[in-house]
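Report on one structure; see the data block that follows.
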Amino acid sequence: MPWIVQTRGGLGQADSETADLDVCVESRHQWSAIGVQRGQVVYQSGPGGVTPWRSAAKPIQLATCLELLGDPWLQPQELAVGAASHSAEPQHIRWVREILAKFDVAESDLRCGAHPPLHLPSAAEVLRSGGEYSDIHNNCSGKHAFMLATAARMGWPLDYRAPEHPLQQRILARVREWSGENPRLALDGCGVPTFCLPLTAIARAWSVIAEAMVDDLDRTRLGPIGRAMAAHPELTSGCERLDESVVRHAGGQMAVKVGAQGVFCIAIPDRGLGLAVKVWSGCGDALPCAVSAALSEVAPDLWQEPPAWRFVEVRNVVGRLAGLYTRGQDGDLP
């Protein structure tokens, strides 16, 4: 059974001020990863299970919007932001506003809710300039811009969030088609439905993305979305975020997407492979260790593990090294 273990203390020469402190296991995080290729499970680490898909479903949600919008011409950056959980850095806000302007819909009609930018300097700059946080700062505002545009184009109610809304029903149909499962629905953080699915079904849907990325006859709209995500990870996430770091360290093309509560999905187009990773505790700090471990096993030729990813540092509020996240199996837990 694979685990990520977070220890505190006992760091030896890594930090002379804590060298003499005892080592203590502070938390353990079970994780799983499943890889699907051409509809078949080709890799599994840890148990399967059902999880909300959260933001790692955004390529499917965006593809459905593009179909209903009549396949408009869009720049790759617009597609990347449309599938993003962005940090609300200035570049993200600029592209979301480009999307709103292109489809002539109002920023005030976004329904994702306001929260501070995930990028702390950007959050501070909004306040410093006398502004307020609004829906456009929500990490899901790119997806919501396309949902709003689709509702307006189709003449549907502009409040597009309810499960019974025609747009959400169309998205649900695509999720069923590409995952091979009929999901249970729950409420996502941004107010629209999220899809509760077995991890295998999530990996299957991401294998559809991987295949579409290299299919010249792709009709799913997932191909250009995946290629845009692979080309612009700084827009699908943000500086120093996990999505961007995975793509930057990859030895080949990958489209990747984080989801809340320990979900991470990867499309590897050269293999037609979809990979779904879940840290079952929902601990985001443990996710880099799990993602790197899975990639090291399923695509070792495409993944050069950064040394810092095997032992992820835990630092206290003044920056002192206090512990580590590392991975292990049941038999070798400290």
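Per the conditions (1) of a type outside the set (Gly, Ala, Ser); (2) over 17 Å from the mean Cα position of the chain (by Cα); (3) crowded, with 20+ Cβ neighbours inside 10 Å, the sole criterion not satisfied by residue 236 is (2). Residue count for the range 171-201 under the criterion of being under 24 Å from residue 150 (Cα atoms), crowded, with 23+ Cβ neighbours inside 10 Å and among the small types (Gly, Ala, Ser): the result is 1.
Among the residues of the range 205-233, which ones are touching a strand residue (DSSP E or B) at 6+ places or on another chain (Cβ under 6 Å), of a type outside the set (S, T, N, Q) and surrounded by 24 or more Cβ atoms within 10 Å (Cβ to Cβ)?
The first filter runs over the range 205-233 and keeps only residues touching a strand residue (DSSP E or B) at 6+ places or on another chain (Cβ under 6 Å), leaving 206-207, 209-210, 226, 229-230.
Pick out the ones that are also of a type outside the set (S, T, N, Q) and you get 206, 209-210, 226, 229-230.
Matches in the range 205-233: 206, 209, 210, 226, 229.
For the range 116-132, the criterion of a residue being surrounded by 20 or more Cβ atoms within 10 Å (Cβ to Cβ), at pLDDT 95 or above and over 30 Å from residue 295 (Cα atoms) is satisfied by at least one position. When restricted to residues that are more than 15 Å from residue 58 (Cβ to Cβ) and either part of a helix (DSSP H, G or I) or among the hydroxyl-bearing types (Ser, Thr, Tyr) (or both), the range 128-147 contains 7.
Residue by residue, here is whether (1) under 20 Å from residue 208 (Cα atoms); (2) assigned to a loop (DSSP other than H, G, I, E, B) holds:
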{"residue": "35", "(1), (2)": "yes, no"}
{"residue": "44", "(1), (2)": "yes, no"}
{"residue": "51", "(1), (2)": "yes, no"}
{"residue": "71", "(1), (2)": "yes, yes"}
{"residue": "87", "(1), (2)": "no, yes"}
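Being within 23 Å of the chain's Cα centre (by Cα), among the β-branched types (Val, Ile, Thr), more than 30 Å from residue 298 (Cβ to Cβ) and not in a loop (DSSP other than H, G, I, E, B) is a property that holds for residue 99. Kindly indicate whether any position in the range 271-285 is under 15 Å from the mean Cα position of the chain (by Cα), assigned to a helix (DSSP H, G or I) and either buried (at least 22 other Cβ atoms within 10 Å of the Cβ) or not aliphatic (A, V, I, L, M) (or both). The answer is yes; a qualifying residue exists. If you go through the range 288-302 and keep only what is crowded, with 24+ Cβ neighbours inside 10 Å and either within 15 Å of residue 256 (Cβ to Cβ) or not hydrophobic (A, V, I, L, M, F, W, C) (or both), you end up with 290, 291, 294, 295. Residues in the range 211-231 that are in contact with a Pro (Cβ under 6 Å, 6 or more places away or on another chain) and part of a loop (DSSP other than H, G, I, E, B) were compared, and the one that is nearest to residue 88 (Cα to Cα) is 213. Against the list (1) among the aliphatic types (A, V, I, L, M); (2) surrounded by 18 or more Cβ atoms within 10 Å (Cβ to Cβ); (3) over 16 Å from residue 3 (Cβ atoms), the condition residue 308 fails is (2). Restricting 167, 127 to those that are without any contact (Cβ under 8 Å) to a residue 60 or more places away in the chain and either of a type in the set (A, V, I, L, M, F, W, C) or over 19 Å from residue 97 (Cβ atoms) (or both) reduces the list to 127. Restricting 246, 208 to residues that are in contact (Cβ under 8 Å) with a residue 40 or more places away in the chain, in a helix (DSSP H, G or I) and under 16 Å from the mean Cα position of the chain (by Cα) narrows the list to 246.
The values are calculated or read from the model by the stated rules, or taken from the named source; none is laboratory data. This structure is a prediction, so every number in the text was calculated from the model and none was measured. Glycine also receives a Cβ, built like all others from the backbone with ideal geometry; neighbour counts cover every protein chain displayed.
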